[in-house]
Structure formats: C-alpha cells, structure tokens
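Here's the structure, in structure tokens; my notes come after.
The values are calculated or read from the model by the stated rules, or taken from the named source; none is laboratory data. Being a predicted model, the structure only gives us computed values, none of them experimental. For neighbour counting, all protein chains shown are included, and Cβ atoms are generated from backbone atoms with ideal geometry for every residue, glycine included. Side chains are part of the model used for accessible areas, which takes the heavy atoms of the whole protein and leaves out ligands, DNA and RNA. Shrake-Rupley method; radii C 1.70, N 1.55, O 1.52, S 1.80 Å.
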Amino acid sequence: MANPNHSFCQETSRMVDRGIEVLGFDPIEAEAIKRCNAVLQLHFPVRLSSGLRVISGWWAMHSTHRLPVKGGLRFAPVVNQDEVEALAGLMSYKCALMDIPFGGAKGGLSLDPRELNEEDLRRVTISFTQELARKGFINPAIGVPAPDMGTDERVMTWIADTYKDLNPDDLNHSACVTGKPLNRSGIPGRGEATGRGVQYALREFFRYREDVEKTGLHPELKGQRVIVQGLGKVGYHAAKLLQEEDGCLITAIIKSDGALVCDAGLEVEQVHQHMRATGGLRDYPDPRARFVERGAEVLEYPCDILIPAATEGQIRADNADRIHARLIVEAANGPVTYAADVLLRERGIVIIPDIFANAGGVVVSYFEWSRNLAHMRFGQLQRKIDEERGGHLVTAIETLTGHSLPDWLRHELMHGSSELELVRSGLADIMYTAYQELRNTMLADPQIDDLRTAGYVIALSKIARSYRDRGLFD
Ligand code: GLU
C-alpha cells in the first residue's frame, strides 16, 4: 500500500478535497459525492484443478448519477475492498471529466492469475460473473466491467458468454462488458486505447508552449527522454507509440523484477518481445542496455518525462524528493500519493493526472458499448459515400487544374475512414477537448494551480449538476 498511515481511499479523498474546497461545497453534499454508493463483497466456492477453493472479490459502484457504472476488473493477489472503492471513485471522476455518460465502478478478485491455468481462470470468471449477474450488478444498463490489471480479452469473453447464457433474451447482451476481442463484438483500437490516450495527452500538452515552459523542458515532444514504469497493457503501448510515432527516447523501462536502462533509447517492441519470451527484462541482448536489479530506484534516474504505468502508490513522500523528471504523466491509477503530490508541486514538477491521462481506455470502452447497442460498426453507413465523394473531388480538381494529384493525396481524399481511424479520431477529440477544459479551468481560477485540482473541479461540478437536476442538492 502507498502509505502505511493512509489507505488508498484516503489518499484519493484528500486529492478530491482540494477540488471540493475550491468549489466550496456543503460538507454533506461533498460526502454524498465521495462515498461509494454500494459495494458487493463476495466469497464464492469454485472447483479448480487443485480442488475446491473459496475466492474473495468485490464490485464497487461508486456513483450512480449516470448508469451504467463502468470500470475495470482487477485480478491480483493484493486486491482489497479499500483499493476497489478508491479505484471506483477514480472512475466516476474520470468519466465525468471526459464527458463519458457513465458512473464509476471497479471490481476485483483477490487471486494471482499467473498461478491459475486457463481452465481454472475461466471457471473463476464464470462463477464471479454468475454472482454479479444474478444479483443484477452486471448488465448493459447497470454495470459494465472492462479489463484492468490481471484481466484481458479472454476474461471479457468469458464474462460476455456467461451473461448471455443467463440472459438469452437480452438483445444487447454483448454490451454487458467491454474490452472484448474483435471477433466477439469488440472494437478496433481498444487494446492500445489507454496507451494511445497517454500519447494524445502528451501531444496536447506540448501544443501549449506556456504549459511546457512551466516544466522547463524543451518545447518539442520529439527527443524527450522518457522513463516508463510498467510494460503491461498501458505502459507497452504508451512507450511504443511515443518512441515510434513521436520520436521520444525511452531511456528506461521498469518492471517488478528490475529495470532496463539505456541512455541511447530502448527499442520498445524488442524489449517487449524479449519480455514475452523470457518472462522478464534480465539478459536483454542489446549491449548498450543495462539491467538494474532494484527497479524502483530507476524512477529517480534523470529524465524529462516519467510515466508511471504500473500500480498505485509508486511515488511517495519517501522518494518524491529524488524524482528528477520535470513532467509526470499518470498512466496508472493513483501512482502518486497525496503527500508526494504536494512535495512534487512544491518543486514545480508538473503532473498530468490519472483521471485525464489514463482515460483513453474507458473512452474507447464507451465507443465499444455504443457500437454494441447500435448493433452496427462505426462508419458502416457513410464509408462508401465518402469514397465516392472523394473520387468526384479528385476528378474535379484534376479537370480544373489540368494536373494529376500525387498518389498519396489521391489516396487521402478517396479512402473512406476505417473503424480504427474513426476510433482514434474520436479518442483524440475527447482527449484534446478535455485537456483544453482542464487548462481553461486552471487559467480561470487563481485558486487552482495544478491540473489535478482542475480535473476534480470539473468532474465534481458535473456530478453535482446531475444531483441538482435530480433535486437532491440545493
Ligand atoms: N480499467 C480501465 C481504467 O481504469 C478501463 C475501464 C473501462 O474501460 O471501463 O480506466
């Protein structure tokens, strides 16, 4: 846990309080927003290959001002109720900030998925889904889980199948869960979505010279020296996209078994392949790279941008003073504790907060859920017509000018957008709009001098408005 004196819920609550203070909310209204609406605690028996086992888990619905509630499902040995509640709260604020029409939720099972074979994992997932579905917690209109730490497309497929078996007459059954594989009603781009969102968050940040100036960094994203913690679903895509598409130098990758450091920059795809083949970062064949056993210390190595993309509580009061990065992008949920956040801000280190930086996953989950409810893929109606119009445009330009267009421009004008392009464009639009709202909120109020507080001010205002509309708040 992040800080032995504070639970994760307390950590996030103290951050939310900064927003509440700015808004001057009535304490009871503040409590109404902050408290988890409902938490289901489960202990259910599952027959595994090793024998009968009782599995413990939670499903927390933080805020039901919008339904369904939405959030990831975490399978990890350290999962507990406090963590699940804190993460559910972060989902509420994240969805509100990004204008995604969901309340926040989170689920978790206290188990190590690496210790279970595929069939055992399937049985656990099916039993958990049955528990949730029979109690009405999972449903396209009520609660929609998604992948998180320790869960993946396979787990989402088992959830979808189980829900469908229990609800054969629900036409919208596939919208009961997101993060499904493409051939099972998933959406292109969901796998990369959180990492892609981190990339878009950084691109947008670097579009504002004044914002970059506060960090003291070079004004271009290209060439920035980046340390990434975590090479899972989020860290891998974020690091790879920043390296391959934005020209960043990934100077270190940190995992739980150690870190790989290379001042010349790591080839993220190669490191990832090595990790998949060997299970870790040790013995990476590039002679310029060195392995550092005590990986957590690498968080403190000199770099421009630090991207914690692993788990909560990684930057704390005991290491915050030694962080060299000038910009921290919270790709994980809650990687910086409250105390560390204060220390970092005092040192002028800029933090792009989790409720914005890692929102790409839930944004594309929203696209997937909408697509499932529409029973049609995005772009299906207009793709052909766009291509035909593009063809006419090319003919018109070439006829009028007497010149042929270069092939690349012809292609650009004549090809109808694929669903993946539409998803990326929708994600970029939502990320860019949210960043502009964050900075405008910060600029408009002298009480707000950090992006996190701005994020909470926006999210809390939107949630309070829903309560007001329902006549609950004055
Ligand atoms: N687990 C992800 C998160 O923490 C995604 C949640 C979702 O897609 O519903 O944001």
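Inside the range 392-402, can you point out the residues that are over 30 Å from Pro188 (Cα atoms) and not charged (D, E, K, R)? Scanning the range 392-402 gives Thr395, Ala396, Ile397, Thr399, Leu400, Thr401, Gly402. For the range 129-170, the set of residues classified as in contact with a strand residue (DSSP E or B) (Cβ under 6 Å, 6 or more places away or on another chain) and of a type in the set (Ser, Thr, Tyr) consists of Thr151 only. Can you spot a residue in the range 329-337 that is at pLDDT 95 or above, of a type outside the set (A, V, I, L, M) and touching a Pro at 6+ places or on another chain (Cβ under 9 Å)? Yes, that holds for at least one residue. Take the range 338-366 and flag every residue that is touching a helix residue (DSSP H, G or I) at 6+ places or on another chain (Cβ under 7 Å) and within 10 Å of the ligand (Cβ to nearest atom). If the condition is that a residue be touching a helix residue (DSSP H, G or I) at 6+ places or on another chain (Cβ under 7 Å) and within 10 Å of the ligand (Cβ to nearest atom), then Asp354, Ile355, Asn358, Ala359, Gly360, Gly361, Val362, Val363, Val364 are the ones that fit.
May I ask you to list the residues in the range 173-207 that are of a type in the set (Val, Ile, Thr) and not in a helix (DSSP H, G or I)? Matches in the range 173-207: Val177, Thr178, Ile187.
Taken together, the residues in the range 81-103 that are acidic (Asp, Glu), open to solvent by 10 Å² or more (accessible area, probe 1.4 Å) and either within 11 Å of the ligand (Cβ to nearest atom) or part of a helix (DSSP H, G or I) (or both) amount to 2.
If only residues of the range 437-446 that are without any contact (Cβ under 8 Å) to a residue 12 or more places away in the chain and of a type outside the set (Gly, Ala, Ser) are counted, the one that is least open to solvent (accessible area, probe 1.4 Å) is Asn440. Assess whether Lys222 counts as being within 16 Å of the ligand (Cβ to nearest atom) and either farther than 30 Å from Asn440 by Cβ or surrounded by fewer than 18 Cβ atoms within 10 Å (Cβ to Cβ) (or both). No, not satisfied. Residues of the range 231-270 that are of a type in the set (Ser, Thr, Tyr) and either open to solvent by less than 40 Å² (accessible area, probe 1.4 Å) or at pLDDT 95 or above (or both): Tyr236, Thr251. In the range 403-433, the residue that is nearest to Gly189 (Cα to Cα) out of those that are open to solvent by 70 Å² or more (accessible area, probe 1.4 Å) and part of a loop (DSSP other than H, G, I, E, B) is Ser404. Scanning the range 275-303 for residues that are over 30 Å from Ala317 (Cα atoms) and either among the hydrophobic types (A, V, I, L, M, F, W, C) or in contact with a Leu (Cβ under 7 Å, 6 or more places away or on another chain) (or both) yields a total of 3. Taking the conditions (1) at negative phi; (2) surrounded by fewer than 18 Cβ atoms within 10 Å (Cβ to Cβ) in turn, Asp341 satisfies each one other than (2). Glu312 meets each of the listed conditions (1) over 14 Å from Leu266 (Cβ atoms); (2) out of contact with any helix residue (DSSP H, G or I) (no Cβ under 7 Å at 6 or more places or on another chain); (3) assigned to a loop (DSSP other than H, G, I, E, B) apart from (2).
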